[in-house]
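Participant: Provided herewith is a single structure, encoded as C-alpha cells, for subsequent inquiry.
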Amino acid sequence: MQDFEKLGMFYLGRQFDLAAGRRRDDLMLYDSKDLVTHAVCVGMTGSGKTGLCLALLEEAALDGVPVIAVDPKGDLGNLLLTFPNLAAADFRPWVNEDDARRKGVEPDQFAASQAELWTKGLADWGQDGARIGRLRAAADFAIYTPGSNAGIPLSLLRTLDAPPAALRDDRELFVERVSTTATSLLTLAGIDADPVRSREHILISTILSTAWSAGTALDLAALILQIQQPPVQRIGVLELESFFPSGDRFGLATAFNNLLAAPGFDVWMEGDALSIDRLLYTAEGKPRVSVISIAHLGDRERMFFVSRLLNELLGWMRTQPGTTSLRALFYMDEIFGYFPPVANPPSKGPLLTLLKQGRAFGLGCVLATQNPVDIDYKGLSNAGTWWLGRLQTERDKARVLEGLEGAVTAGGGSFDRGYFDKALSSLRSRVFVMNNVHEDRPVVMESRWAMSYLRGPLTRDHIRQLMGPRKAQAAAAGAPVPPPAPAVTRAAAIPASQAGPAGASPRPVLPPEIQQFFLPRAAPARPGATLAYVPMAIGVANVVFADARAGISHTRAMTLVADIDTRLGSVAWADATALDVPVGDLGSDPEGDARFNAMPPAASKARSYDGWAKELKTWIGQTQTLDLLKSSQTGVVSAPGESERDFRIRLQTATREQRDQALDGLRKKYAAKLAALDEKIRRAQLSVDRESEQASQQKLQTAVSLGATVLGALFGRKAITTSTLGRATTAARGMGRTMKESQDIDLAKQNMAAAQQQKAELEAQIEAEVGTLSGALDPSSQSLAPFALKPKRTDIAVQIVALAWAPAWDVGNGSLTPAWKP
Ligand SMILES: Nc1ncnc2c1ncn2[C@@H]1O[C@H](COP(=O)(O)OP(=O)(O)OP(=O)(O)O)[C@@H](O)[C@H]1O
Ligand SMILES: [Mg+2]
C-alpha cells in the first residue's frame, strides 16, 4: 500500500469485470501526472461521483498536492470527518440522526454501526486507520464560507485587487479579467448586463481597467464614487455625459450602494482576503485542502464568488513557473450553470482559459456534474480523463458520448462508441468507465471506499463546530508577527551631545575633496521648531555574495548613515541606519534657512573619510551575511529574498517533478523488457494449455495482468502492453495448432519456468529501484539547514564615504529630533 503512495499513484479503486458483475483484484492506480490535462466526472445523482472525487482528493492530499474544492452541495466538508481510530465516539457527533430515527435505532447505536460500516468498508479495500492518520497528517484541511461566519469567512469585496503584473501584461487575459469582473459585479447587484452592448458593463469595465492598468486596487466605495465621477471624460468617441448621463449613473451607483447597505453584506468584507496562495499552502508551506462551501449562497452570489475565485486562480497560475507535474488541484463538485454551451456567464471564460492553459502550470481541474446535457463539451475537449458513471436517460448517455467522442478525437485517438454504449448501460453505483488519453484503452472501475466519513451535507452548525477552534486560535494569535529586524540597526535619535548650541551658525566651508549630501526631510515641520543640519557620515557600498556551486550571485546595495564621534573622530558603522533612498536621489542643497551644527574636527579632513571607508569595508566583511536555507536531502539552496515557506513549496514541486521524471525513466527502461518476457510466458503458457486441453481464458487473463502491484500501475495500461498483447495472442493461436508432440509440451513448460524466473528477477530489480526512489524523494521529509554566505573582501566595493547633512528639528530645549526618518 505504501509503495504507490510515494510514487504519485492515486489509488482510486479496483478494476471491475462488467460481464461478471464483480470487482477484480487489480488495483485502479491512476498516474497523478495525468491530471494536469484535467478530468470530468459525469453520472446521475447517486452514481458515486462525489465519493470517487473525494477519494481522488484524499489521494492528492496524501501526495502533498494542495486542493481547492468548490462545494455547491455542502458534502465536500466530509473531507474533514476523518477518524484514524474509527471509534463509534468519533462518528457520534456527525451521524445523521434522521437516518438513525428512520432505522429505528438510538443515535449512539447508529454511530457504532457507522463506525463498523466504515471499518469494514475500508478493510475491504485494503485500507485502515493508519492510512487515515497519514491523510490527516499530510495536509491542513479547512472549510471556507464566503459571505458567512459559519466556516472561515473570505473577504471578497474589501478590495478588488489589480491582477498580478504577469496577467496585466497579457492583453487578452487582462481584458477578459476586467470583463468577467464587471459582469460578476453587475450580476451581484442584480443587473443583467450584456458585456458588449450595455453601457453599465462598459462603464464598470472602464473604471476597473483604468485603476488596474495603474496597478491600483479598488473597493466598492471607490467604485460607487467613480461611477458618479468616472476617471475618463469620453467613452469611445462619445462624451461621457451623452453616453451615460450622470442622472442614470446615479441609478447604477445606487444599485451598488444598496448592495453595500444590505443587512448581512458586511460578512463579504470580513475574513481572510481571497488569496490562492494562502488557500493552497499554510504559513509554514504545508499543503492545504481548502473546501469552499457555497451551499448557503443564492444563485447570484454563487456566480459572483465562483467567477472571482476562477479569476484569482488564473492570476495565481500565471505567476507560477512551468512544470510537468501536478502542482495543485481545482475541484468543482457541480459545474451545471457555470459552463453552459451557449450562454456566457462570467464563470465560463476563466474556466475555459484554465482548461486550456492549466497543463503548462501543473494546475489540474476536476469537474463533476449530474447534468450532462447543459455543459459546453467543446470546452471540455481539453479534458484528458473522463469518468462516466450510471446515467439516467438515453438522451444523457447520447450527449455524454458525443462529448467524449469530441475529446477523444481532438486528442488524436479513435473512439469505440459501441463499447461505451454497451458499458454505460450496465453500470451500477460507484462503477465508472474511465477513459484516459494517457492510457491505451478505457477501463471499468469501482471506486474505493472513502476514508472520509460520507455523512452527507454538513449543516452550518457542523461547519461551525469543525472550524470553531481554528477561528478562536486565529483570533488569539492576533496581529501578524512583525518581520525580523534588518541586519542593520536603526538609530533612534541623535544623542544630545551632538545637538549644537542654539542660534544660527552658517554652513561650514569644507575642502572640495569632501563630498556632501543632504538627506531628504521626512518628518513634517513642527510648530515653533527650527530646522538644523547635523553632520553625519554616509557610506555607499555594493556587496556581492557568490557561491558558484549553489549557483548564487547576489548583490546587496547598502546605503548607511552613521554618527561621527566628535571626541574620537570615528564613525560607528555598527549603529548605522540603512537608507532606502538611492544615493543619486540625495540633494546637494539645504532646505530654506537652516542652521548647521558644528563639525567634528575629523569630519573636516578629507583623509578621515578614507579611513572610515576602510572601516566600513571591514565592518561589512565581519557582519554581513546572506542568510539562505539549504535542503539537506537535495542540496538545493533557497533564493535570496525567498521565504522559508516559499522555498518549501518550491522544493515540494521540484521533488515531485524529479520523482515523476524518475518514474518515466523507469518506464522507458523496463517496459519493453517486461513486455517481451510477458509475451514469452504467454506463448509458453498457451502452448502448454492447448496441449493439455486446459486452455482457459481465465488463465490467459491472469498471465496478461501484472497484478495488483506498483508494476501494474507503472506498466499496466500504458500503450506498450496492448500492442504486445495483440501480437502475443495471434502468435499463440497459431502455435496451439502446430504443437502436438509431448516433448514440445515439456519444452514449453521449461521455457515458461525460465521466462517466469526471468520476470520475477526483473520485477525484483524494478521494485528495488522504485524503493530507493520513493525514499529519497519524499517531499514531506525535507529538512532545511541554515546556509549563510559571507562576502569575500574583494567582493565588497565601498563606492562613497562622504558627509551627510541630516535634517533635525530643534525645539529649543537643547535636544534635536531627527527629521530625516518618518
Ligand atoms: N467511495 C465511496 N465510499 C463509500 N461510500 C460511497 C462511496 N461513493 C459513494 N458512496 C455512497 O453512495 C452514496 C451516493 O454517492 P455520491 O454522493 O458520491 O453520489 P453522487 O454521484 O455524487 O450524487 P449527486 O449527483 O446527487 O451528488 C453516498 O452517499 C455514499 O453513501
Ligand atoms: Mg455528489
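The values are calculated or read from the model by the stated rules, or taken from the named source; none is laboratory data. Not measured: the values here are computed from a predicted model. Note: ideal-geometry Cβ built from the backbone for every residue, glycine included; neighbour counts use all protein chains shown.
Participant: Within the group Ala211, Ala166, Ala193, which residue is outside any loop (DSSP other than H, G, I, E, B), modelled with pLDDT under 90 and surrounded by 13 or more Cβ atoms within 10 Å (Cβ to Cβ)? Before the answer, list the steps.
Facilitator: Values: Ala211 fails: modelled with pLDDT under 90; Ala193 fails: outside any loop (DSSP other than H, G, I, E, B).
The unique qualifying residue is Ala166.
Participant: Now a separate question. Looking at the structure I just gave you, is Leu274 surrounded by 17 or more Cβ atoms within 10 Å (Cβ to Cβ) and within 25 Å of Pro230 (Cα to Cα)?
Facilitator: Criteria not met by Leu274.
Participant: Looking at (1) within 16 Å of ligand 1 (Cβ to nearest atom); (2) surrounded by 17 or more Cβ atoms within 10 Å (Cβ to Cβ); (3) not aromatic (Phe, Trp, Tyr), which one does Ser429 not meet, given that it meets all the others?
Facilitator: Evaluating Ser429 over (1) within 16 Å of ligand 1 (Cβ to nearest atom); (2) surrounded by 17 or more Cβ atoms within 10 Å (Cβ to Cβ); (3) not aromatic (Phe, Trp, Tyr) leaves (2) as the failure.
Condition check ((1) within 27 Å of the chain's Cα centre (by Cα); (2) at pLDDT 90 or above; (3) assigned to a helix (DSSP H, G or I); (4) over 30 Å from Gly641 (Cβ atoms)) across all residues:
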residue	(1), (2), (3), (4)
Lys471	yes, no, yes, yes
Ala485	no, no, no, no
Ala493	no, no, no, yes
Gly500	no, no, no, yes
Ala523	no, no, no, no
Val534	no, yes, no, yes
Ala541	no, yes, no, no
His554	no, yes, no, no
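Participant: Right, another one. Could you check region 224-273 and list, in sequence order, the residues that are under 30 Å from the mean Cα position of the chain (by Cα) and modelled with pLDDT of 90 or more? Spell out how you get there, then give the answer.
Facilitator: First, the residues of region 224-273 that are under 30 Å from the mean Cα position of the chain (by Cα): 265-273.
Selection gives nothing.
Participant: Might you check whether a residue that is surrounded by fewer than 23 Cβ atoms within 10 Å (Cβ to Cβ), under 23 Å from Pro164 (Cα atoms) and free of Cβ contacts under 8 Å to residues at least 12 places away in the same chain occurs anywhere in region 277-285?
Facilitator: yes
Participant: Going by the structure shown, is Arg327 surrounded by 18 or more Cβ atoms within 10 Å (Cβ to Cβ), among the charged types (D, E, K, R), farther than 18 Å from Ser148 by Cβ and out of contact with any Asp or Glu (no Cβ under 7 Å at 6 or more places or on another chain)?
Facilitator: Working: surrounded by 18 or more Cβ atoms within 10 Å (Cβ to Cβ): yes; among the charged types (D, E, K, R): yes; farther than 18 Å from Ser148 by Cβ: yes; out of contact with any Asp or Glu (no Cβ under 7 Å at 6 or more places or on another chain): yes.
So Arg327 passes the test.
Participant: Suppose the filter is out of contact with any Leu (no Cβ under 7 Å at 6 or more places or on another chain) and either over 16 Å from Pro66 (Cα atoms) or touching a residue at least 24 places away in the same chain (Cβ under 8 Å) (or both); does Asp396 pass it?
Facilitator: Numbers: out of contact with any Leu (no Cβ under 7 Å at 6 or more places or on another chain): yes; either over 16 Å from Pro66 (Cα atoms) or touching a residue at least 24 places away in the same chain (Cβ under 8 Å) (or both): yes.
It is true that Asp396 is out of contact with any Leu (no Cβ under 7 Å at 6 or more places or on another chain) and either over 16 Å from Pro66 (Cα atoms) or touching a residue at least 24 places away in the same chain (Cβ under 8 Å) (or both).
Participant: Also: When both residues are 6+ apart or on different chains and their Cβ atoms are under 6 Å apart, which pairs have a first residue that lies in region 312-338 and is farther than 16 Å from Leu167 by Cβ and charged (D, E, K, R), and a second that is within 15 Å of ligand 1 (Cβ to nearest atom) and part of a strand (DSSP E or B)?
Facilitator: Asp333/Asp71; Asp333/Ala368; Glu334/Thr369
Participant: Based on what the data block shows, is Ala546 of a type in the set (Gly, Ala, Ser), more than 47 Å from the chain's Cα centre (by Cα), surrounded by 12 or more Cβ atoms within 10 Å (Cβ to Cβ) and outside any loop (DSSP other than H, G, I, E, B)? I'd like the intermediate steps shown before the answer.
Facilitator: Working: of a type in the set (Gly, Ala, Ser): yes; more than 47 Å from the chain's Cα centre (by Cα): no; surrounded by 12 or more Cβ atoms within 10 Å (Cβ to Cβ): yes; outside any loop (DSSP other than H, G, I, E, B): yes.
No, not satisfied.
Participant: Just wondering, is there one or more residues in region 15-38 that are more than 16 Å from ligand 2 (Cβ to nearest atom), touching a strand residue (DSSP E or B) at 6+ places or on another chain (Cβ under 7 Å) and among the basic types (Lys, Arg)?
Facilitator: Yes, region 15-38 has at least one match.
Participant: Among the residues of region 755-814, which ones are surrounded by fewer than 18 Cβ atoms within 10 Å (Cβ to Cβ), outside any strand (DSSP E or B) and modelled with pLDDT of 90 or more?
Facilitator: Lys790, Lys792, Arg793, Thr794, Asp795 - these are the residues of region 755-814 that are surrounded by fewer than 18 Cβ atoms within 10 Å (Cβ to Cβ), outside any strand (DSSP E or B) and modelled with pLDDT of 90 or more.
Residue-by-condition table, conditions (1) touching a Ser or Thr at 6+ places or on another chain (Cβ under 7 Å); (2) among the aliphatic types (A, V, I, L, M):
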{"site": "Leu531", "(1), (2)": "no, yes"}
{"site": "Val534", "(1), (2)": "no, yes"}
{"site": "Val544", "(1), (2)": "yes, yes"}
{"site": "Ala550", "(1), (2)": "no, yes"}
{"site": "Leu568", "(1), (2)": "no, yes"}
{"site": "Leu579", "(1), (2)": "yes, yes"}
{"site": "Gly587", "(1), (2)": "no, no"}
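Participant: Here is a further query. Residues in region 569-579: is at least one out of contact with any Pro (no Cβ under 7 Å at 6 or more places or on another chain) and in a strand (DSSP E or B)?
Facilitator: Taking region 569-579 first, the residues out of contact with any Pro (no Cβ under 7 Å at 6 or more places or on another chain) are 570-577, 579.
Those left that are additionally in a strand (DSSP E or B): 571, 577.
Checked against the condition, which is being out of contact with any Pro (no Cβ under 7 Å at 6 or more places or on another chain) and in a strand (DSSP E or B), region 569-579 yields at least one hit.
Participant: Here is a further query. Against the definition (in a helix (DSSP H, G or I), free of Cβ contacts under 8 Å to residues at least 12 places away in the same chain and over 20 Å from the mean Cα position of the chain (by Cα)), how does Arg134 come out, yes or no? Give the steps one after another, and end with the answer.
Facilitator: Numbers: in a helix (DSSP H, G or I): yes; free of Cβ contacts under 8 Å to residues at least 12 places away in the same chain: no; over 20 Å from the mean Cα position of the chain (by Cα): yes.
When the stated conditions are applied, Arg134 does not pass them.
Participant: Let me ask something additional. Filter region 156-191 for residues that are over 24 Å from Ala253 (Cβ atoms) and basic (Lys, Arg) and give the result.
Facilitator: The answer is Arg168, Arg171.
Participant: Do you know which residues across region 347-387 are within 16 Å of ligand 1 (Cβ to nearest atom) and touching a residue at least 60 places away in the same chain (Cβ under 8 Å)? Spell out how you get there, then give the answer.
Facilitator: Initial filter on region 347-387 (within 16 Å of ligand 1 (Cβ to nearest atom)): 366-375, 386-387.
Val366, Leu367, Ala368, Thr369, Gln370, Pro372, Trp386, Trp387 - these are the residues of region 347-387 that are within 16 Å of ligand 1 (Cβ to nearest atom) and touching a residue at least 60 places away in the same chain (Cβ under 8 Å).
Participant: Within region 10-32, track down each residue that is farther than 22 Å from Lys286 by Cβ, under 26 Å from the mean Cα position of the chain (by Cα) and away from ligand 1 (no atom under 15 Å from the Cβ).
Facilitator: Across region 10-32, the qualifying residues are Leu29, Asp31.
Participant: Restricting attention to region 28-64, report how many residues are in contact with a helix residue (DSSP H, G or I) (Cβ under 7 Å, 6 or more places away or on another chain) and β-branched (Val, Ile, Thr).
Facilitator: 4
Participant: For region 330-352, what are the residues that are within 16 Å of ligand 2 (Cβ to nearest atom) and surrounded by fewer than 17 Cβ atoms within 10 Å (Cβ to Cβ)?
Facilitator: Start the filter on region 330-352 by keeping residues that are within 16 Å of ligand 2 (Cβ to nearest atom), which leaves 331-338.
Scanning region 330-352 gives a single hit, Phe336.
Participant: Any residue at all in region 81-103 that's within 16 Å of ligand 2 (Cβ to nearest atom) and in contact with a strand residue (DSSP E or B) (Cβ under 8 Å, 6 or more places away or on another chain)?
Facilitator: For region 81-103, residues within 16 Å of ligand 2 (Cβ to nearest atom) and in contact with a strand residue (DSSP E or B) (Cβ under 8 Å, 6 or more places away or on another chain): absent.
Participant: Still on this structure, I have one more. Is it true that Gly121 is surrounded by fewer than 21 Cβ atoms within 10 Å (Cβ to Cβ), small (Gly, Ala, Ser) and on the phi > 0 side of the Ramachandran plot?
Facilitator: So Gly121 fails the test.
Participant: Here's a follow-up. Suppose we filter Ala576, Ala546, Ala537 for residues that are touching a residue at least 12 places away in the same chain (Cβ under 8 Å) and over 27 Å from Ala819 (Cβ atoms); which single one remains? Full working, then the answer.
Facilitator: Working: Ala576 fails: over 27 Å from Ala819 (Cβ atoms); Ala537 fails: over 27 Å from Ala819 (Cβ atoms).
The conditions single out Ala546.
Participant: Provide a single number: the residues in region 595-650 that are assigned to a helix (DSSP H, G or I), in contact with a helix residue (DSSP H, G or I) (Cβ under 7 Å, 6 or more places away or on another chain) and either under 30 Å from Gly812 (Cβ atoms) or among the aliphatic types (A, V, I, L, M) (or both).
Facilitator: The first filter runs over region 595-650 and keeps only residues assigned to a helix (DSSP H, G or I), leaving 601-604, 606-623, 644-650.
Narrowing the set further to residues that are in contact with a helix residue (DSSP H, G or I) (Cβ under 7 Å, 6 or more places away or on another chain) leaves 602, 608, 615-616, 619, 621.
Now restrict to residues that are either under 30 Å from Gly812 (Cβ atoms) or among the aliphatic types (A, V, I, L, M) (or both): 602, 616.
So the count comes out to 2.
Participant: Please work out which residue is surrounded by the most Cβ atoms within 10 Å (Cβ to Cβ), limiting yourself to region 49-77 and to residues that are within 23 Å of Ser381 (Cα to Cα) and near ligand 2 (Cβ under 10 Å from one of its atoms).
Facilitator: If we take residues in region 49-77 being within 23 Å of Ser381 (Cα to Cα) and near ligand 2 (Cβ under 10 Å from one of its atoms), then Leu52 is surrounded by the most Cβ atoms within 10 Å (Cβ to Cβ).
Participant: While we're on this one: Hey, could you check region 87-116 for residues that are outside any helix (DSSP H, G or I) and within 14 Å of ligand 1 (Cβ to nearest atom) and say which is surrounded by the fewest Cβ atoms within 10 Å (Cβ to Cβ)?
Facilitator: Here is the first cut: in region 87-116, the residues outside any helix (DSSP H, G or I) are 87, 95-96, 104-106.
If we keep only those that are within 14 Å of ligand 1 (Cβ to nearest atom) too, we end up with 95-96.
On the way: Val95: 21, Asn96: 15.
It comes out as Asn96.
Participant: Hey, another quick one. Can you tell me how many residues within region 39-81 are β-branched (Val, Ile, Thr), assigned to a loop (DSSP other than H, G, I, E, B) and away from ligand 1 (no atom under 13 Å from the Cβ)? Before you say what the answer is, go through the steps one by one.
Facilitator: Applying the first criterion (β-branched (Val, Ile, Thr)) to region 39-81 yields 40, 42, 45, 50, 65, 67-68, 70.
Narrowing the set further to residues that are assigned to a loop (DSSP other than H, G, I, E, B) leaves 45, 65.
When the remaining residues are screened for being away from ligand 1 (no atom under 13 Å from the Cβ), the result is 65.
Qualifying residue count for the region: 1.
Participant: So, one more: Does Lys397 satisfy the criteria of being among the basic types (Lys, Arg), surrounded by 15 or more Cβ atoms within 10 Å (Cβ to Cβ) and within 16 Å of ligand 1 (Cβ to nearest atom)?
Facilitator: Values: among the basic types (Lys, Arg): yes; surrounded by 15 or more Cβ atoms within 10 Å (Cβ to Cβ): yes; within 16 Å of ligand 1 (Cβ to nearest atom): yes.
Yes, satisfied.
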